[in-house]
Amino acid sequence: MSYTSFIELAKERFSVRQFDPSRPVEPEKLEAILEAMKIAPTAANMQPQKVKVLQTAEELAQADEISRCRYGAPLAFLICYDSSGTIKRPGLDAGVIDCSIVTTHMMLEAWELGLGSCWCLAFDADKARSVLGLPENIVPVAFLPVGYAAEGAAPHPFHTTYKALDDLLL
C-alpha cells in the first residue's frame, strides 16, 4: 500500500483479528518490520527492546500457549525490554513506554507493507517467561500477531468512533 500521509495510513490501519494462516510473511517484509523496530525512538536512545520472533510451527505453538489472541497469524512478536538498561523514575520504567513506541512502529510498518496486526495485551507474561526461557531482566510488554488479513476481516465497528478533540485536551 502506498500512502500520501501518515494520517491517511493511521486512519486506514485497523486491528486484524482474522488472519490467513496459509500466507506466510515474506522474509523481506519481516526484515522491514524489524528495521522499523530498530529505529524506533526510545528514552535517551537506550534501545532496551528485545523482540522474540515467533514463526516456526514450534514457535507458533509456544505463542498459542502465551496468548489466545494469535488469530491464525503465521507470525507473532513478543515485544519485551531489558530492565537493566532503561531509564527509571519512581513508579515508572521507561521500558514500558519504549516498547509501546516500538510496537507502534512495527504495526504501522506492517500495515504499510500490506500486512495486518493486532496489538494484544491479552497474554500471560509469566507463562511467556517460562515457555520461552526469558531471564528475569527481560520484561514482556506486548504480543503482536502479524500476517495477511483473511478474506472478510474488517475493522471493529467502533474503529472510526473518536472522541471530540476538546474531550482529549486538558
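Worth pointing out:
- In order along the stretch 82-88, the phi-based Karplus estimate (6.51 cos²θ - 1.76 cosθ + 1.60, θ = phi - 60°) of 3J(HN,Hα) comes to 8, 5, 7, x, 10, 7, 10 Hz; Gly and Pro are listed as x.
- 3J(HN,Hα) along the stretch 42-53: 9, 4, 6, 6, 6, 6, x, 5, 9, 10, 9, 8 Hz, from the Karplus curve 6.51 cos²θ - 1.76 cosθ + 1.60 with θ = phi - 60°, whole Hz, x for Gly and Pro.
- Relative contact order, percent, the chain [alpha-carbon distance under 8 Å, six or more residues apart]: 34
- DSSP-defined antiparallel bridges as percent of all bridges, the chain, nearest 5: 95
- Residues whose amide H falls under 5 Å from that of K50, counting only those 5 or more places apart or on a different chain, are C80, Y81, D82, with hydrogens built in the peptide plane.
- Over the chain - Rg/Rh using Cα atoms and the Kirkwood inverse-distance radius: 0.97
- Counting beta carbons within 10 Å around each of F158, F123, F14 and listing the fewest first gives the order F158, F14, F123.
- With an a/c value of 1.5 or above and a/b larger than b/c for the gyration tensor axes a ≥ b ≥ c computed over the alpha-carbon atoms, the stretch 80-156 is described as prolate.
- Full-extension gain in nm, E26 to S83, via 0.36 nm per residue minus C-alpha separation: 17.4 nm
- Each residue of the stretch 154-167 is assigned a 3J(HN,Hα), and the resulting list reads 9, x, 4, x, 8, 3, 9, 8, 10, 5, 5, 4, 4, 6 Hz, derived from the Karplus form 6.51 cos²θ - 1.76 cosθ + 1.60 (θ = phi - 60°), x at Gly and Pro.
- The stretch 20-109, relative contact order [Cα under 8 Å, separation at least 6], %: 41
- The Cys residues in the chain with no partner Cys Cβ within less than 4.7 Å of their Cβ are C80, C99, C118.
- Close amide H contacts of Y148 (hydrogens built in the peptide plane, cut-off under 5 Å, sequence separation of 5 or more or a different chain): D20, G116.
- For the stretch 77-170, averaging the sequence separation of C-alpha pairs within contact (under 8 Å, six or more residues apart) and dividing by the residue count gives a relative contact order of 36 percent.
- Listed by chain and number, the lysines whose alpha-carbon sits under 18 Å from that of K38, ignoring those within fewer than 8 places in the same chain, are K29, K50, K52.
- Between D167 and A153, the distance separating the two model label sites (each 7 Å from Cα on the Cα→Cβ line) works out to 2.9 nm.
- Likely footprinting exposure, E8, E112, fewest C-beta neighbours within 10 Å first: E8, E112
A short reminder: the numbers here are calculations on the coordinates, not readings from a lab. Small disclaimer: the values here were computed from a predicted structure and weren't measured. Neighbour counts run over all protein chains shown; Cβ positions are idealised from the backbone, glycine included.
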